[in-house]
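The values are calculated or read from the model by the stated rules, or taken from the named source; none is laboratory data. Just so it is clear, the model here is predicted, and its values are computed rather than measured. Here the Cβ is made from the backbone with ideal geometry for all residues, glycine too, and neighbour counts use every protein chain on show. SASA here: full protein model, heavy atoms, side chains in, ligands and nucleic acids out. Shrake-Rupley method; radii C 1.70, N 1.55, O 1.52, S 1.80 Å.
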Amino acid sequence: MQYYTGRTFLVLFATLPVSKGLKASRCLNCIGAPIVANDIVQQPKSPRMLNSSLNLKQQGWILVGIPLGLMLIFLLSLFFFYLRMEEDLKEADRAKTVISTCNKLTKEFALVGTTLVFYKISSGVDDYKLELRDHLEDTDKTLKKLSNLLHQEPSSPEELAILKKISRYSDAGVKLIGVYEKHISGEYRIPEMQAKIIFLEFAEMIRAFSQQLEEIVRIESKKHQRLDELGKQTSLMLKVCGVGALFAVVLAAALTAGFTRNTTRRLGVLIDNTERLSKKQSLQLLSADQGGSKVDLFFTEHTRNDEIAQLDLFFRKMANELAEATRKERAILDNAVDVICSINSEGKFTAVNPASSQVWGIAPDKLIGMHYSEIIEKEDVPKFAEAMENQANQQSNSLVNIENKVSVDENPVHTLWSIRWSESEKSLFCVAHDISDRKEVERMKQEFVAVISHELRTPLTSLQMTLSLLLNGNYGPISETAEQRVKSADVGVTRLIMLVSDLLDIEKMEAGKLQMRKSNSDLAEVVERSIETMSGFASQQGVQLQDKTAGLCAPVYADSDRLLQVVVNLISNAIKYSEEGGLIEIELIKGEEQAELRVVDHGAGIPPEFEETLFKKYEQAKAAKNKKIRSTGLGLAISKAIIEQHDGIIGFSRTEGGGSTFWFKLPVLSSAKKS
C-alpha cells in the first residue's frame, strides 16, 4: 500500500485550487450585454471578456461542488490515514511480540545452560534431567513461534537470514546437549577433555544464539522507532485535514454569502425596475458593484449571462416594446379624427385626445374636468345619463351607441357616441364620431323623398286616371293603335307609381315611421284579394295561380292593406321567376298560435349566392328564361319590415323538385290581442 507523506499531501492540496483556478480564469474571461436605460445595446467585448458565463445551475454546482470536493478529499485522506494507522498499530504489536519472543527465547536458552550445569554438578539427578528436557521443549516452541512471526508480512530478508542461523544454532545446541546429557547420565561415556570441549562449544553457541536474537531485536526496534515517526506525521496530517475542513466550511460560507448577495441584489433590481416601469420611470442597470470581496467579484464576472440576466434582458425588451406600443397608441390617439375620451363616475372628462379641438372646437385641457352636461344639448342629457347609469350598473363590456348633439358656440355637432364602461377604472370610455355630414345627407334624402311624394306621385296619379278614362272611352272612341299606346303608357305610369310608393315605404321603414292601421282581418280574404289583383299579370306571363285557401279562415290582428302588399309582392316574384306554363300554389296553414302563408313556385329557384342577401334592399336574383324583370329590388325588404311590425317572421325554403317557397307566419287573433 502507498501512503502520502505530510509534504506530499500539502503539495496535492496546494495544487488542487490552482487547477480549479485555471478553469476559473478561463470562465472569468466573459462579459454580458449591459442594457442601458430603455435601449437594448450589445456592447463590444473587451479582450479580457469572452463569451463564457455561468448560469444559475452552474453557479449552484460551484457553490456546492467546491466545498463538497474539498471535504471529500479531506475525508478520503482521513480514511487513508485511518487505514495506515491501523496497519501501523498491527506492525507495532508484531514488533513488540517479536521482541518479547526473542527475549523469552534468550532466557530459555540461558535456563537450558543453567540446568545443564546443575545436572552435571548433581551427577545425573533425574529431576534436573526432566527439567532440562522441559526447557528444551519450551525453547523449541518459542523458536517455532518466532519463526512464524518472522515469516509474516512485513519481514525483511535480513531477519529471515538471521532466523536460519538461529535455527541452525538451536539444532546444533540440542545435539550437543543430547551428547553431553548421555555423558553425564553414563549412557555414553566420552573423555573429559572432549566433554569440556562440547560444553564450551555449547556455551559459545548460546552466546552466538543470543547475539542473533539481539540483532532481530535491534531490527524490530528500528521499525518501532520509524512507526513512531510516522505516527507524528499522521498526527500532523490530521491537523492539516482539520484546518482544511475548516477552510472548506469557510469557503462554503463565503460562496453562499456571495451567491446570496449577488442574487438578492439583482432580484431587487428587477423588482425595483418592475415598480419603475409601472411608474413610467427609467430602469436601473443590472450591473454588479465593482467593490466587495473576491467572491463578490467572482459572481460579478460569472453572472453576466445567467437566467436572471436573461430575465432582465427580456424584461427590458418587453419594456421597450411597451414603450413603442404606447408611443404608437399615443400617435393614433393624437391623429385620430374621432374624439376619444374617458368620463369618470361623476360625469367629468378625465382624458381627451386632441381631436376635440377640431371636432367640437374645445381644447383637451379645457375639456378635462368639465361635466358632459355642459357640452351636450339639454334634451339629450337625460338619455346619455341613463345610458351611462345602465352601463355602470350592468358592469358589462358591451358597446352602446348613442346619438345626440354637442353644442359649441350655438353650432350643434351631431355626434354618435360609442360608450363602454370599465369596472376596473370606474370610467366610461367613449369614441365620439361626428355624423353631421351623414345627418345632412339624410336631411337631403328626406327632402328628395318629399319632392317625389308631392311633385311626382300626385301628377302620376292624375295621369293614370286620365289614361284610364281614355281606355274606358270617356273622351270618345280612339283607334286601335292609340289604344295600344295608351295601355303601354298606363303600364309605365303604374310602374312609376309603384316605384314611388316603394321608395316612400322604404324611407318610412328606415325612419321607423312605417305606420300600421291594424284591425281584425282574415288572412284568407287577403289571399283572395291578392289572387284577384295578380290574375291578369299571371295570365300575361302564362302562369297558373292555384288557391288552396278556399274554405279556410285565419283571423289575424293586422293591417290588411299592408298584408295585401306583402302577398301581392310574393305572388308577383313567383310569377316573374316561373317558366311559362308554370304553377304557383298559395297555401294557408292555421295553427293554435300562428297562421302560416306559403307561396310555392316551381321555377329555377334562388341561387345560393343570393340566399343571405335576399331580404336586403336592391337585391334580386336572375329571372326565368326569356323574362325581363323590371323591379326596384325593394319588395322583399319592405315585406320583411311589414311582417316584423306584425310580430311575425318571413323566410323562404327550396321547393322539392325545384323552385322556391316563400312564407310568413303571423300570430292568430287571440295571440295577437294578448301581445
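Apply the Debye scattering formula to segment 487-594, with a single equal point scatterer on each alpha-carbon and no solvent, then give log10 I(q)/I(0) at q = 0.20 Å⁻¹.
The Cα Debye sum returns log10 ratios of -1.17.
Summarise the accessible area of segment 67-177 (1.4 Å probe, protein heavy atoms) by the percent that is carbon and sulfur.
Values: 3950 of 6440 Å².
C and S atoms contribute 61 percent here.
Going out from 0 in 10 Å bins, what whole percent of all Cα-Cα distances in segment 228-271 drops into each bin?
Result, from short to long distances: 26, 25, 20, 14, 10, 5, 1 percent.
Under a 1.4 Å probe, what is the accessible area of segment 542-589 per residue, stated in Å²? Mind dumping the intermediate values first?
Working: 1880 Å² over 48 residues.
Result: 39 Å² per residue.
Let me test this: with uniform point scatterers at the alpha carbons of segment 55-135, what is the Debye-based log₁₀ I(q)/I(0) at q = 0.17 1/Å?
Treating every Cα as an identical point scatterer, log10 I(q)/I(0) equals -0.80.
Could you list log10 I(q)/I(0) for segment 307-346 at q = 0.15, 0.27, 0.29 Å⁻¹, which the Debye formula gives when each Cα is one point scatterer?
Summing over Cα pairs of segment 307-346 leads to -0.56, -0.86, -0.90.
Could you tell me what % of all Cα pairs in segment 504-566 have separations over 16 Å? Provide the component values of the computation, followed by the final result.
Values: 1105 of 1953 pairs.
Cα-Cα pairs in segment 504-566 separated by more than 16 Å: 57 percent.
Just list whichever of 378/426; 328/383; 590/616; 487/590; 328/616 have alpha carbons separated by over 30 Å in the model shown.
Working: 378/426 25 Å; 328/383 35 Å; 590/616 28 Å; 487/590 40 Å; 328/616 39 Å.
The answer is 328/383; 487/590; 328/616.
Send over the per residue convex hull volume for segment 366-486, Cα only, as a whole number of Å³. Walk me through the intermediate numbers first.
Working: hull volume 22.8 nm³, N = 121.
Looking at segment 366-486, the number lands at 189 Å³ per residue.
How would you order 481-487, 311-317, 157-163 from highest to lowest mean count of nearby Cβ atoms within 10 Å? Provide the component values of the computation, followed by the final result.
Working: 481-487: 12.7, 311-317: 16.3, 157-163: 14.3.
Top of the packing list down: 311-317, 157-163, 481-487.
Mind checking the per residue accessible area of segment 387-477 for me, 1.4 Å probe, whole number of Å²? Don't jump to the answer; show the numbers that get you there.
Values: 5840 Å² over 91 residues.
Ligands and nucleic acids excluded, the figure is 64 Å² per residue.
Give the carbon-plus-sulfur fraction of the accessible surface of segment 559-619 in %, rounded to a whole number; probe 1.4 Å, heavy atoms of protein chains only.
Details: 1320 of 2870 Å².
Here it works out to 46 percent.
For a label point 7 angstrom out from the Cα of residue 435 toward its Cβ, which stretches of segment 397-419 have the backbone nitrogen within less than 12 Å?
Hits in segment 397-419 for residue 435 at 12 Å: 401-405, 414-419.
Carbon-plus-sulfur fraction of the accessible area of segment 378-475, 1.4 Å probe, in percent?
Values: 3330 of 6390 Å².
Carbon and sulfur atoms account for 52 percent of the accessible area of segment 378-475.
Based on the Kirkwood radius over alpha-carbon pairs, what value in µm²/s does the Stokes-Einstein equation return for the translational diffusion coefficient of segment 100-143 at 4 °C and 1.567 mPa s?
In µm²/s, the coefficient is 124.
For segment 382-442 and segment 115-178, what is the separation of their C-alpha centers, rounded to whole Å?
130
Give the distance, in whole Å, between the Cα centre of segment 562-578 and the Cα centre of segment 51-82.
Segment 562-578 and segment 51-82 have Cα centres spaced 96 Å from each other.
Work out how much length residue 351 to residue 334 would gain on full extension: take 0.36 nm times their residue separation and subtract the Cα-Cα distance, in nm to one decimal.
4.9 nm
Mind checking which aspartates and glutamates have their Cα closer than 13 Å to the Cα of residue 665? Skip sequence neighbours fewer than 8 apart in that chain.
Output for residue 665: 587, 592, 593, 596, 644, 647.
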